[in-house]
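Report on the structure given below.
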Amino acid sequence: MRGIQGKITVVTGGTRGIGKGIAKRFLEEGATVIIIGGKNQADADQAIAELSPLGKIEAMMVDLSNADAIEKLIDDVVAKYGRIDILVNNAGIQIRKWATEFPVEEFDKVINVNMRAYYLASRCAARYMQKQGGGSIVCISSGNSQCFTSQRSAYNISKAAVNGLVASLGVEWARFNIRINAVAPGYVMTEMIQKGINEGIIDIENIMKVIPMKRLLMPEEIGNSVVFLASDEASGITGQTLFTDGGWSKAGLPEEKEL
Ligand SMILES: NC(=O)c1ccc[n+]([C@@H]2O[C@H](COP(=O)([O-])OP(=O)(O)OC[C@H]3O[C@@H](n4cnc5c(N)ncnc54)[C@H](O)[C@@H]3O)[C@@H](O)[C@H]2O)c1
């Protein structure tokens, strides 16, 4: 993919799951990758052990719900590497409760990690990218920005806001040669999902009914979309959300029988 080799690339939530798949794809394309984890040092150590044979990578632990910590993170990356070329806002959390019962503090937590942190990290990075002459930002949205399920109101709202965030900042920052887009994954086979299936918490048969491709995607397939949008191959694209979901967001009623 053109324009990824040697690029200083930050992937938030890159210590596991989809973020780890994204980090892997950037390393394979020759980027220098900084993965950001929250509190789980064991996940970060595991990711570094797995991914370091592929290229130059390090982990930093930062609480992205803290606005000052986000600013410091981007400053630290630029102080160490001299620039920031690509930012992938991927870290996200999910809390499931009825909207009528959703505690305000938990609503704020979801919005802060899933949306406010994306906005703050993007603008901190954009200040440097503007001086550098450009850059590329990709935010991880969700199929839940368009297909909604009950008891996930804070998550759904945060992800719909991510699509609006990239559209808004895409328009504002095009003049600085900074592109910002989103990738909206459908159901992805991560360690967490696998655990849920094994424990019977996730009803995989029910999920398959709404996915035209009839399979979960792999984290690297989300990584492929992210690398594409970050690369020079996507030089004409900004403000867009690319649904990478096996067709889920375009499907109507599940097909229950072959006609
Ligand atoms: N797994 C799916 O099927 C799926 C589908 C659609 C969208 N997504 C989105 O993809 C992204 C990654 O999801 P995942 O399933 O890989 O999640 P995950 O729970 O496996 O990983 C989340 C990552 O975010 C980090 N993180 C969480 N809170 C943080 C905080 N306060 N500060 C710093 N880091 C923090 C964690 O350390 C971890 O690295 C999320 O934005 C999620 O909403 C996932």
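Rounded to the nearest 20 debye, what is the charge dipole size of region 29-98 about its Cα centre when +1 sits on each Lys and Arg Cβ and -1 on each Asp and Glu Cβ? Numbers along the way, then the final one.
Values: 7 positive and 11 negative charges, 47 e Å.
For this selection, approximately 220 debye.
If both residues of a DSSP beta bridge must be in the chain, then about 0% of such bridges are antiparallel. Can you grab the distance from the C-alpha centre of region 88-151 to the C-alpha centre of region 21-68, Å, no decimals? Each part's Cα centre sits 18 Å from the other's.
The C-alpha atoms of the chain define a longest principal axis, and helix 219-230 lies at about 50 degrees to it. With protein chains left intact and a 1.4 Å probe, residues in the chain average 48 Å² of accessible area per residue. According to the calculation over all Cα-Cα pairs in region 1-160, the P(r) per 5 Å bin from zero is 2, 9, 18, 20, 20, 14, 9, 5, 2, 0 %. Relative contact order, whole percent, for the chain stands at 22, derived from Cα pairs under 8 Å and 6 or more residues apart.
Here the accessible area is traced with a 1.4 Å probe on the protein chains. For the chain, carbon and sulfur cover 52 percent of it.
The three principal axes of the Cα atoms in region 157-227 give end-to-end lengths of 49, 25, 22 Å, sorted in falling order.
Counting Lys and Arg as +1 and Asp and Glu as -1, each charge on the Cβ, what is the dipole of region 87-181 about the Cα centre in debye, to the nearest 20? All intermediate terms of the calculation are to be shown ahead of the outcome.
On the way: 11 positive and 5 negative charges, 64 e Å.
So the dipole magnitude of region 87-181 works out to roughly 300 debye.
Evaluated at q = 0.17, 0.21, 0.30, 0.34 Å⁻¹, the base-10 log of the normalised Debye intensity for region 82-126, with identical point scatterers placed on the Cα atoms, takes the values -0.56, -0.72, -1.06, -1.20. Taking 235, 158, 150 as the candidate residues, the one with maximal mean-square fluctuation in a Gaussian network model of the chain, Cα springs under 10 Å, is 150. Under the criterion of Cα pairs below 8 Å and six or more residues apart, the relative contact order for region 132-252 equals 36 percent. Working from the alpha-carbon coordinates of region 106-259, get Rg over Rh, Rh being the Kirkwood radius. Rounded to two decimals, Rg/Rh equals 1.02. Provide the per-residue ³J(HN,Hα) series for region 92-101, in order, calculated from phi with Karplus coefficients 6.51, -1.76, 1.60 and θ = phi - 60°, each as a whole number of Hz, with x at glycine and proline positions. 3J(HN,Hα) across region 92-101, in whole Hz: x, 10, 9, 10, 9, 7, 4, 4, 5, 10.
Mind checking region 156-259 for GluC sites (Glu not before Pro) that DSSP puts in a loop (not H, G, I, E or B) and that have at most 16 other Cβ atoms within 10 Å? Could you put the intermediate results ahead of the total?
Numbers: sites: 172, 191, 199, 205, 220, 221, 233, 255, 256, 258; in loops: 199, 255, 256, 258.
Within region 156-259, the qualifying GluC sites (Glu not before Pro) (loop, at most 16 other Cβ atoms within 10 Å) are 199, 255, 256, 258.
To the nearest 20 debye, what charge dipole does the chain have about its Cα centre, counting +1 at the Cβ of each Lys and Arg and -1 at the Cβ of each Asp and Glu? Display every interim value, and only then the final one.
Numbers: 28 positive and 29 negative charges, 112 e Å.
That gives the chain a dipole magnitude of about 540 debye.
Within region 4-77, the trypsin sites (Lys or Arg not before Pro) that combine a DSSP coil assignment with at most 12 other C-beta atoms in a 10 angstrom radius are 39. Restricting the trypsin sites (Lys or Arg not before Pro) of region 208-259 to loop positions (DSSP other than H, G, I, E, B) with no more than 12 neighbouring Cβ atoms within 10 Å leaves 214, 215, 257.
Computed over the chain with a Gaussian network model linking Cα atoms closer than 10 Å, the most mobile of 82, 246, 19 is 82.
In a Gaussian network model over the chain where Cα atoms closer than 10 Å are linked, find which of 203, 108, 43 has the largest mean-square fluctuation. With Cα springs under 10 Å in the chain, the top fluctuation among 203, 108, 43 is at 203.
The values are calculated or read from the model by the stated rules, or taken from the named source; none is laboratory data. Worth saying up front: this structure is predicted, and the values here are computed from it rather than measured. Don't worry about glycine lacking a Cβ; one is built from the backbone with ideal geometry, like all the others, and counts go over all protein chains shown. The accessibility values were calculated without ligands, DNA or RNA, using every heavy atom of the protein model including side chains. Shrake-Rupley method; radii C 1.70, N 1.55, O 1.52, S 1.80 Å.
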